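Below: the structure, in structure tokens.
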Amino acid sequence: MRRLGFDGARGSDSVMALNARKPRLSIIVLNYNGARWLDRCVDSLRGQTVLGQFELLMADNRSTDGSDLQARKLMEDFPGGRFIDNGANLGFCEGNNRPAATAEGDWLLFLNNDTWLEPDCLEKLLDGAEASGAEAAMPLVMNYADESFQSLGIRGLDPFGWGSHFSCLPPGKDSLEILAPNGCAFLIRAEVFRALGGFDPVFFMYADELDLGLRLWISGGRAVAIPGARLHHRSAANVNPAGDGNLQEIRTSISTRFYSNRNSLLALLKSGGGWRSCLALLQVGLIFAEGAVAGLLSRSWSVCRRGYLAALADAWRLRAHWLAERRRIRSNQRRGEFELLRRFFTPRPQRWDELRRIRKMGLPKISPR
């Protein structure tokens, strides 16, 4: 932790007594219209082998399906459970920052509501993270209805600056160094999360974990994946609800495309660096090309204009923000530019895996909102 420069005063009897009363972990579940998923998520947390070592903060982003009342009731009899009404749809970033500000645990776990955990998941995740000496971690993420592989986080950056992912589970590893944990199960030391400034509220949602992972690495921290800790995730539950626990089609929305395109670009622009600036230029070109293809396939100029061109325009509009953030990030820089390139540049384009999904499941269906 000293390499990050985040240490505070330690060692007094009073501080040790305070730490003894603190939960080891604070779990933050952000809910928005998650009525279908909440019960199983909370039941799996109730069955954890480390129950009693964590508090559970359930925050609601002004749900409209009654799941706010459902979440409130679930927290009434959960040990260490608290319900937090965010009062509005604050998005993923600020919706998680608000409860994180009141969390008491040494670790924070940002957990999606469309997940369920195997009974020893939290125990293995915490033990693995602490044994590795990393500041952030994530479990193995499998699909919701079975044990098929879904994610081990963001392994690096591809030639266009998109976050690249493992296509399968690498064999024989107790832990794997990654660039950033998946946003559905992002574990991070509480003091580090706060020192880094938390999730960037400007992002609202999507690519927020890439942004935080880049800031963590540049500041001297590390993130790992712990394959022995196992979690199941539905993925895209709100934007793609068909199929219940099984994903049956590829469905997206114009707002999803807007935030994904804009925020991936913002993450590169904020973190700065010569080669990431080059990747940002390549990404701009790819967003233009994808926008044209999406508009042609959907026969809708609105898809191209609002999902792609508007994303580029908004990234430029926010230049004062990302330039200020770039200066702040550089002021806390602990690692060199080429170390990031050496460790995390991946030559395989992430879009190749998405094309394989399209070949298997058909062209994406695009919602107008």
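We did not get these values from a lab; they are worked out from the coordinates using the rules stated. These numbers were taken from a predicted model, which means no experiment stands behind them. Cβ placement follows ideal geometry from the backbone for every residue including glycine, while neighbour counts extend to all protein chains displayed.
Could you tell me which of VAL29, GLY183, SER277 has its Cα farthest along the dipole of the chain towards the positive end, charges placed at Cβ (Lys, Arg +1; Asp, Glu -1), taken about the Cα centre?
SER277
Size of region 106-262 along its principal axes in angstrom, Cα-based, largest extent first?
40, 35, 30
Among 314-327, 282-295, 173-186, how do they line up from the highest to the lowest mean number of other beta-carbon atoms within 10 Å? All intermediate terms of the calculation are to be shown ahead of the outcome.
Values: 314-327: 14.7, 282-295: 16.8, 173-186: 21.7.
Per-residue mean Cβ counts within 10 Å order the peptides as 173-186, 282-295, 314-327.
Quick one: putting +1 on the C-beta of Lys and Arg, -1 on the C-beta of Asp and Glu, what dipole do you get for region 251-367 around its Cα centre, in Debye to the nearest 20? Kindly include the intermediate steps, with their values, before the conclusion.
Values: 25 positive and 7 negative charges, 50 e Å.
Once rounded to the nearest 20, the dipole reads 240 debye.
What 222 nm value per residue comes from the helices of the chain, counting each DSSP H run with n ≥ 4 as -39,500 (n - 2.57) and dividing by all residues, nearest 500 deg cm²/dmol? Could the numbers behind the result be given before it?
On the way: 14 runs with 158 residues, N = 369.
Value at 222 nm, helices only, nearest 500: -13000 deg cm²/dmol.
Just going by the charge dipole of the chain, with Lys and Arg at +1 and Asp and Glu at -1 on Cβ, which of SER260, LEU216, PHE338 is farthest out on the positive end?
With unit charges placed on the Cβ atoms, the residue in question is PHE338.
Quick one: Cα centre-to-centre distance for region 101-122 and region 22-44, in angstrom?
A separation of 7 Å, based on Cα centres.
Rg/Rh for region 17-75: what does it come to with C-alpha atoms and Rh from Kirkwood? Can you show the working numbers first?
Working: Rg = 13.0 Å, Rh = 12.4 Å.
Looking at region 17-75, the ratio lands at 1.05.
State the Cα centre-to-centre distance between region 320-340 and region 131-158 in whole Å.
The distance from the Cα centre of region 320-340 to that of region 131-158 comes to 26 Å.
Normalized C-alpha radius of gyration of region 251-309, against 2.2 N^0.38 Å?
Values: Rg = 12.2 Å, N = 59, 2.2 N^0.38 = 10.4 Å.
Cα Rg divided by the expected 2.2 N^0.38 Å: 1.18.
Tell me, rounded to the nearest percent, the portion of alpha carbon pairs in region 60-173 spaced more than 20 Å apart.
On the way: 3715 of 6441 pairs.
Roughly 58 percent, once rounded to a whole number.
Past the 21 angstrom mark, what percentage of all C-alpha to C-alpha distances in region 251-367 do you count? Walk me through the numbers on the way to the answer.
Values: 3069 of 6786 pairs.
When all Cα pairs of region 251-367 are counted, 45 percent exceed 21 Å.
Give me the log10 of I(q) over I(0) for the chain at q = 0.10, 0.11, 0.13 Å⁻¹, as the Debye formula computes it from C-alpha points; what are the numbers?
-0.61, -0.75, -1.09
With +1 on each Lys and Arg Cβ and -1 on each Asp and Glu Cβ, how big is the dipole of the chain about its Cα centre, in debye rounded to the nearest 20? It would help to have the intermediate numbers written out before the result.
Numbers: 49 positive and 40 negative charges, 314 e Å.
In debye, rounded to 20, the chain gives about 1500.
Count the net charge of all other residues whose Cβ sits under 13 Å from the Cβ of LEU176, scoring Lys and Arg as +1 and Asp and Glu as -1.
Working: positive: ARG155, LYS173, ARG222, ARG343; negative: ASP174, GLU177.
Its environment carries a net charge of +2.
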